[in-house]
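Taking it in order: structure first as structure tokens, then the write-up.
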Amino acid sequence: MSQPWRGIFPIVITPFTDSYELDEASLRRVVRFCIDAGARGLVGPANASEFAALSDDERRRWIEIVVSECSGQIPVVAATTSGHALPAVALSRFAQEVGADCVMAMPPHVLHPDAEGCYEYYLALSSALEIPVMIQNYIGPVGTPMSPVLIARMCRELPQVQYVKEETLPSSRMISATIEAAGPYCQGVFGGIAGQYILDEHRRGACGSMPACQTTDVLQAVWDRLEAGNESEARSMFNRVLPLISYERQYGVALYKEVMYRRGVIATRICRAPGRELDEWDRLELDAILADVAPLMGIYTP
């Protein structure tokens, strides 16, 4: 893990039981699924993990389970976004103690700080940790968008700030700008936003992407072809999965979980986020989309 990270680092979803409790057995299956699907790292509990709906104890248990089940096979990036630097540092230290390889955090997601406040937040994280810190630059209302100049300053001045996940718009241009501004002080910039701009982001120098986990195998296969210089085949494969990515932009977590349920990985489709469920027409459209994508999936239960 001393080499800079590259590839697909999926956001691990949070499965729940029928009574809305954390489903630890399904969470372990999600970890194994991602590893078997070729993931180069694991991330969470982040936005696609419904982190805002988890208690502090559940977030700690989530990190424990994922680190334990992964067992050092690939890096685990623990998402530790909090409303203030103090709880962010506490959760990040816990993640470090149980074996996470990196922490990723957005600035405080309720009371959004200004640029200097963002700097102080990441300064606190960098000063408290021995593992790398990844800045998550995300759009509002959850995120606090930061400029490439500010991000580059933090990469340059804060020793543990080594990676960036860039999700502000237009993300491809922001990746280019951050890479140019940070230069050698940044180990790598990941894309996000469901991986929908992965082709352009790779060309611009992104080191990987962090989509939700339901298409890990397909997107890693796309990435592998880009790394091998086979853009034509990568683009053809990506265009097959693009309708599914576009559809998930409407329904978010409900769609991630529906696909993972159909792939036999999680036991329920339950989401804690309100209004997150598909109706019969949504499922019919998903049937048609998956009929075209399924041949690209190594593990699929129709």
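The values are calculated or read from the model by the stated rules, or taken from the named source; none is laboratory data. Not measured: the values here are computed from a predicted model. Here Cβ is always computed from backbone atoms with ideal geometry, including for glycine, and neighbour counts include all displayed protein chains.
General observations
- Of all residues in region 250-301 being basic (Lys, Arg) and over 21 Å from CYS34 (Cα atoms), the one that is surrounded by the most Cβ atoms within 10 Å (Cβ to Cβ): ARG276
- VAL89 more than 14 Å from GLY44 (Cα to Cα) and β-branched (Val, Ile, Thr): yes
- Residue selection: TYR121 fails the criterion of being of a type in the set (Ser, Thr, Tyr) and touching a Gly at 6+ places or on another chain (Cβ under 8 Å).
- Residues (touching a residue at least 40 places away in the same chain (Cβ under 8 Å) and in a helix (DSSP H, G or I)) located in region 28-57: ARG28, ARG29, VAL30, PHE33, CYS34, ASP36, ASN47, ALA48, ALA52, ALA53
- Considering region 151-252, the qualifying helices (runs of 4 or more DSSP H), each wholly inside and each with 3 or more residues that are in contact with a strand residue (DSSP E or B) (Cβ under 6 Å, 6 or more places away or on another chain), run over 171-182, 216-227.
- Test for LEU278: is it hydrophobic (A, V, I, L, M, F, W, C), closer than 25 Å to PRO45 by Cβ and modelled with pLDDT of 95 or more: no
- Of the residues making up region 95-121, those that are in a loop (DSSP other than H, G, I, E, B) and hydrophobic (A, V, I, L, M, F, W, C) are ALA100, MET106, VAL110, LEU111.
- Residues located in region 122-142, provided they are over 17 Å from the mean Cα position of the chain (by Cα) and either outside any loop (DSSP other than H, G, I, E, B) or more than 18 Å from CYS186 (Cβ to Cβ) (or both): TYR122, LEU123, ALA124, LEU125, SER126, SER127, ALA128, GLU130, PRO141
Yes/no matrix, rows are residues, columns are (1) crowded, with 24+ Cβ neighbours inside 10 Å; (2) touching a residue at least 12 places away in the same chain (Cβ under 8 Å); (3) in contact with a Ser or Thr (Cβ under 9 Å, 6 or more places away or on another chain):
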position: VAL110; (1), (2), (3): no, yes, no
position: TYR119; (1), (2), (3): no, yes, no
position: TYR138; (1), (2), (3): no, yes, yes
position: GLU166; (1), (2), (3): yes, yes, yes
position: SER209; (1), (2), (3): yes, yes, no
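- Taking region 72-94 as the range and being part of a helix (DSSP H, G or I) and of a type in the set (Ser, Thr, Tyr) as the test, only SER92 passes.
- Sole exception among (1) part of a loop (DSSP other than H, G, I, E, B); (2) under 22 Å from SER26 (Cβ atoms) for VAL259, by number: (1)
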